[in-house]
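The structure appears below as structure tokens.
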Amino acid sequence: MDRQEAILRELNLYPQWVRRDVPAREAVTTVGAIHESPLRNWPELKETVRGCTACRLRAGCTQTVFGVGDEQADWLFVGEGPGADEDVKGEPFVGEAGKLLDNMLLAIKLKRGKNVYITNVVKCRPPVDGSGKQLPPKPDEIATCLPYLQRQIELIQPKLIVALGKVASDALLTGKEATLASLRGTLHDYHGIPLIVTYHPAYLLRSPSEKARAWQDLCLAVKFMADKSA
């Protein structure tokens, strides 16, 4: 068994699924310090995020989790927010969901840090409920943190954004009141940058039967990038 086959088996996506043929900046509105003095480069943005206390999330987390990867990447993957492992290590997607994301990347011949950048909508870990389940960020928390993500996108200028889950898709596709299922399978637009919506790896861990649909989304992304470079 070669490595590619092993990865696909791990994702419960073997034998390989057949791809479906799917037809194929603005200035950032900011808050607080960003609004007063727009951040023009990576060091300024990272330093501001590191010291940010603009919303209630910062008081309940260990540290901010900025993002990781190639800062000139063609591929940008955007998740929801840091979990417990990410909060400790200061890097997005390093827990079980991160391992699955790494396998998803390997399945389409990508690798964390090589032409790939990974970040989240909010940079601080949201709290957990009474059962220990992490809560999604609240709308005002997303609104406060979103300018940081918007500036990351402006700096990276990716060729494709992959929104992982509904929090990410809702944040980036403002004005679209739709289910994640209805947003899948097509190309969307984020200020001139193509965007594809798929499931968050944490959801796929809870619902492994949906991995087949996630694979279709990845195939759509690969097809788009191949067509773009042809």
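Where a number appears in this text, it was derived from the coordinates with a stated rule and is not lab data. Since this is a predicted model, take the numbers as computed values, not measurements. Positions of Cβ are backbone-derived with ideal geometry, glycine not excepted, and every protein chain shown enters the neighbour counts.
Worth a mention:
- Here residue 109 is the anchor, and the lysines within straight C-alpha reach of less than 27 Å, apart from those fewer than 8 places off in the same chain, are 89, 99, 159, 166, 211, 223, 228.
- Note on segment 102-153: Rg/Rh from C-alpha atoms, Kirkwood Rh, equals 1.10.
- Table column - 3J(HN,Hα) (Hz), segment 189-196, Karplus curve with 6.51, -1.76, 1.60, x for Gly and Pro: 10, 10, 6, x, 9, x, 9, 10
- With 10 Å bins beginning at zero, the pair-distance distribution over Cα atoms of segment 28-229 amounts to 9, 38, 39, 14, 1 %.
- Within-12-Å neighbourhood charge of residue 86 [Cβ basis; K, R +1; D, E -1]: -2
- Working from label points 7 Å from Cα in the Cα-to-Cβ sense, the residue 50 to residue 63 distance is 0.9 nm.
- With the highest mean first, a sort of the peptides 74-83, 207-216, 94-103 on other beta-carbon atoms found within 10 angstrom per residue produces 74-83, 94-103, 207-216.
- Radius, Kirkwood style, for segment 110-197 when every pair of distinct Cα atoms is counted (Å): 14.2 Å
- Measure of compaction for segment 46-94 (Cα Rg per 2.2 N^0.38 Å): 1.19
- Here the peptides 192-199, 115-122, 65-72, 133-140 are ranked by packing, the mean other Cβ count within 10 Å, and the order with the highest first is 115-122, 192-199, 65-72, 133-140.
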